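FYI, it's all coordinate maths here, none of it is from the lab. Just so we're clear, the structure is a prediction, and the values are computed from it rather than from any experiment. Glycine gets a Cβ as well: all are built from the backbone with ideal geometry, and neighbour counts include every protein chain shown.
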Amino acid sequence: MASAGTLLECEIHLFPISRESWCVYCLRFLEDAPDPSELSTDARLEELERWLMAERSVPDDLLFNRIEALVGRRISTHELDNPDVLMRRAQRPSRWDDWDDW
């Protein structure tokens, strides 16, 4: 991973970014992101895959919040280590009410 201040590129928007400024296009999208319940399953999973596979282009808290919204439940950060499993789990019904905070 590059150090702070090093120029990177947002893999979603192909826009130069740094860890101090992040991707302005990703941040703008997340400010008014569509409600995942209004997206088709394919669209929701496609967006989830982009967030899971691309180099991080937004602060962690914004990224995790969007991933949780797309998955339909709270996630543990260790789940991000295996995107394929998380993608499969995202195809299951939403479980916001029964998630235990251990």
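Evaluate the distance, in nm, between pseudo-label points positioned 7 Å from the Cα of ASP81 and of ASP32 along their respective Cα→Cβ axes.
3.9
For segment 9-93, just the Cα atoms, rotate onto the principal axes and tell me the three extents in Å, largest first.
36, 27, 19
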